[in-house]
Amino acid sequence: MTNGTVTPGISKDPLVVLKGVNKWYGQLHVLRDVNLEIAPGEVVVVIGPSGSGKSTLCRAINRLETIQSGEIRFAGKPLPEEGAALAKLRSEVGMVFQSFNLFSHKTILENVMLAPVKVLKEPEEEARKRGLALLERVGIGSQADKMPAQLSGGQQQRAAIARALAMRPKAMLFDEPTSALDPEMVNEVLDVMTSLAKGGMTMVVVTHEMGFARKAAHRVVFMADGQVVEQAAPEEFFDRPKTDRAKDFLSKIL
Ligand code: ADP
Ligand code: MG
């Protein structure tokens, strides 16, 4: 176990469960009988070739995509289909994408305050105070009143993380959060994610950053062609991959 303070308990009920999940886009079978359980506090890094279904998997967990068969449960319950329950799920499962998706006409702080005020009905002052604290936590407190375009890519992505955290999520999904960044900005974002992981956040992270996977992940899940082909602790997976698919993939990226 490389991740300091968190020991995801196998005895605990899983926070996220995928059972026999299948998804097609038309004829294209993009998730094939995916089974996965994620414990509270667990950090799972998902890797695999482009087109293997990693984004679809993430999006299915907060129901940005529907599945055609199988079951996904969050906190013990099947994913809600619509309405207030679905909005609650989306707030409980924060998502950070490759593109930062900040509202360009609002300040960084306004971006962070918006959903807590609108969705959680937090009083504006409380949302402001918490928003500022979150921006401090991701290292951009001094940027609070700037517009997104005035920030670097790394700062914008940290703002996007703060914005997701403002909803007090139970889990965070990261889909290639550093792929669109200039190389010198990758680490400032990974550092924030590492600190979240150490703090016990349940995380699913799609990334090509193998250093992060080794350092922060409890488990690496390797996907290919819509299937979970192999999963193991990072040392085990990187040092002793079992399948030819994983060996081949690792030989190309390491
Ligand atoms: P990854 O994130 O691993 O690169 P994706 O989950 O994005 O993979 O995509 C899996 C497969 O589904 C790919 O073949 C992709 O082209 C296809 N796909 C993704 N989104 C859509 C969509 N909205 N409509 C049709 N096909 C899609
Ligand atoms: Mg993707």
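Considering segment 75-96, and only residues there that are open to solvent by 10 Å² or more (accessible area, probe 1.4 Å) and in contact with a helix residue (DSSP H, G or I) (Cβ under 8 Å, 6 or more places away or on another chain), the residue that is nearest to ligand 1 (Cβ to nearest atom) turns out to be Met95. Within segment 198-254, the set of residues being surrounded by fewer than 20 Cβ atoms within 10 Å (Cβ to Cβ), in contact with an Asp or Glu (Cβ under 8 Å, 6 or more places away or on another chain) and of a type in the set (D, E, K, R) comprises Arg214, Lys242, Arg245. Only one of the numbered conditions (1) touching a strand residue (DSSP E or B) at 6+ places or on another chain (Cβ under 8 Å); (2) of a type in the set (A, V, I, L, M, F, W, C); (3) more than 27 Å from Thr202 (Cβ to Cβ) is not met by Ala149, and that is (1). Between Glu42, Glu92, Glu110, the distinction of being of a type in the set (Asp, Glu) and under 16 Å from Val206 (Cα atoms) belongs to Glu42 only. Here the condition is being touching a residue at least 60 places away in the same chain (Cβ under 8 Å), under 30 Å from Ser50 (Cα atoms) and among the hydroxyl-bearing types (Ser, Thr, Tyr); of Ser99, Ser195, it holds for Ser99 alone. The condition (being closer than 19 Å to Ala171 by Cα, open to solvent by less than 30 Å² (accessible area, probe 1.4 Å) and not in a strand (DSSP E or B)) is satisfied by just one residue among Leu109, Leu120, Leu57: Leu57. Out of all the residues in segment 149-158, is one or more aliphatic (A, V, I, L, M) and under 24 Å from Gly48 (Cα atoms)? Checking segment 149-158: not a single residue is aliphatic (A, V, I, L, M) and under 24 Å from Gly48 (Cα atoms). Restricting attention to segment 11-32, the residues that are open to solvent by 40 Å² or more (accessible area, probe 1.4 Å), closer than 21 Å to Val93 by Cα and either within 13 Å of ligand 1 (Cβ to nearest atom) or modelled with pLDDT under 90 (or both) total 1. Selection of segment 39-54 for residues being within 15 Å of ligand 1 (Cβ to nearest atom) and either buried (at least 22 other Cβ atoms within 10 Å of the Cβ) or within 15 Å of the chain's Cα centre (by Cα) (or both) yields Val44, Val45, Val46, Ile47, Gly48, Ser52, Gly53, Lys54.
The set of residues in segment 156-185 that are within 19 Å of Val44 (Cα to Cα), crowded, with 18+ Cβ neighbours inside 10 Å and touching a Ser or Thr at 6+ places or on another chain (Cβ under 8 Å) comprises Pro169, Ala171, Met172, Phe174, Asp175, Glu176, Pro177, Thr178.
The values are calculated or read from the model by the stated rules, or taken from the named source; none is laboratory data. These numbers were taken from a predicted model, which means no experiment stands behind them. We place every Cβ from the backbone using ideal geometry, glycine too, and count neighbours over all the protein chains shown. Surface accessibility is based on the protein's heavy atoms, side chains included, excluding ligands, DNA and RNA. Shrake-Rupley method; radii C 1.70, N 1.55, O 1.52, S 1.80 Å.
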